[in-house]
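These notes concern the structure reproduced below.
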């Protein structure tokens with residue numbers, strides 16, 4: 001009989017993060033923020049590496065995000081959103097996108113904003129895993145191919161930033177209820193994705 005999923009609400013404490021382990025099923029509640037390639041590069045270049053000078057508007061958004069992301073979760077998602085013309089936003093589809101594209105930036109962003117989790121699909125690499133230990137934080141795997149189902153977990157769109165990046169790449173602030181995920185990278189440094197890869201390599205070597 002499968003374990004009953006744990007229910008967690010953002011903001012999430014360090015103590016709670018340390019109780020999460022690879023394989024745990026979780027239902028997420030509260031406020032989270034979406035972000036893909038453009039958002040990660042913007043956050044990193046403007047506010048972490050500081051290779052580009054931010055505008056006053058950038059700084060204003062940054063200050064809001066500092067508050068929103070602390071103790072919260074960043075979701076690798078390019079949603080399909082209705083009501084963009086009227087501002088009456090509604091998530092039609094909200095499936096996860098491949099997380100590995102954010103590997104160059106993710107660890108530093110997790111540390112900088114004190115993120116407690118990242119949601120995506122496919123897992124991430126060593127830099128992000130190290131940040132999971134340091135921050136601490138976890139990586140949540142969302143179910144790929146269930147974009148419309150996941151969208152039902154989005155109760156409300158609270159706001160959007162950097163809409164000039166385009167709808168999929170903008171940073172959407174959403175209120176979620178019972179968003180289903182599984183922990184696949186934890187704060188003890190364990191990665192299910194790494195373990196599967198190693199087992200696959202061992203099997204391949206035996207076959208060769």
- With the condition kept exactly as written, say whether any residue in the stretch 31-46 is under 19 Å from residue 183 (Cβ atoms), touching a residue at least 60 places away in the same chain (Cβ under 8 Å), out of contact with any helix residue (DSSP H, G or I) (no Cβ under 7 Å at 6 or more places or on another chain) and in a strand (DSSP E or B). yes
- Task: Please enumerate the residues belonging to the stretch 142-156 that are surrounded by 19 or more Cβ atoms within 10 Å (Cβ to Cβ) and either over 21 Å from residue 37 (Cβ atoms) or out of contact with any helix residue (DSSP H, G or I) (no Cβ under 9 Å at 6 or more places or on another chain) (or both).
- Result: 147, 150, 151, 153, 154
- Query: So how many residues does the stretch 91-105 have that are crowded, with 21+ Cβ neighbours inside 10 Å and in a helix (DSSP H, G or I)?
  - Reply: 3
- Set 68, 115: member being closer than 28 Å to residue 149 by Cβ and assigned to a loop (DSSP other than H, G, I, E, B): 115
- Which number in (1) more than 14 Å from the chain's Cα centre (by Cα); (2) over 16 Å from residue 68 (Cβ atoms) marks the one condition that residue 158 misses? (2)
- Message: Is it the case, given these coordinates, that residue 26 is farther than 20 Å from residue 190 by Cα and not in a helix (DSSP H, G or I)?
- Response: no
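Residue-by-condition table, conditions (1) crowded, with 20+ Cβ neighbours inside 10 Å; (2) in contact with a strand residue (DSSP E or B) (Cβ under 9 Å, 6 or more places away or on another chain); (3) at pLDDT below 95:
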| site | (1), (2), (3) |
| --- | --- |
| 70 | no, no, no |
| 82 | no, yes, no |
| 85 | no, no, yes |
| 107 | yes, no, no |
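Residue-wise test of (1) modelled with pLDDT under 95; (2) within 18 Å of the chain's Cα centre (by Cα); (3) surrounded by fewer than 13 Cβ atoms within 10 Å (Cβ to Cβ); (4) part of a helix (DSSP H, G or I).
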position	(1), (2), (3), (4)
119	no, yes, no, no
164	no, no, yes, yes
174	no, yes, no, no
188	no, no, no, no
194	yes, no, no, yes
201	yes, no, yes, yes
- Would you mind finding the one in 137, 146 that is under 20 Å from residue 178 (Cα atoms) and in contact with a strand residue (DSSP E or B) (Cβ under 6 Å, 6 or more places away or on another chain)? 137
- Looking at (1) closer than 18 Å to residue 12 by Cβ; (2) touching a residue at least 24 places away in the same chain (Cβ under 8 Å), can you tell me which one residue 67 breaks? (2)
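Does residue 128 satisfy the criteria of being surrounded by fewer than 23 Cβ atoms within 10 Å (Cβ to Cβ) and in contact (Cβ under 8 Å) with a residue 24 or more places away in the chain?
Values: surrounded by fewer than 23 Cβ atoms within 10 Å (Cβ to Cβ): no; in contact (Cβ under 8 Å) with a residue 24 or more places away in the chain: yes.
Here the answer is no, as residue 128 does not meet what is asked.
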- Message: Condition first: out of contact with any strand residue (DSSP E or B) (no Cβ under 9 Å at 6 or more places or on another chain) and exposed (fewer than 15 other Cβ atoms within 10 Å of the Cβ). Can you find one or more residues in the stretch 24-47 that meet it?
- Response: yes
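The values are calculated or read from the model by the stated rules, or taken from the named source; none is laboratory data. This is a predicted model, so every value here is computed, not measured. Because the Cβ atoms are built from the backbone with ideal geometry, glycine has one as well, and the counts that use them run over all protein chains shown.
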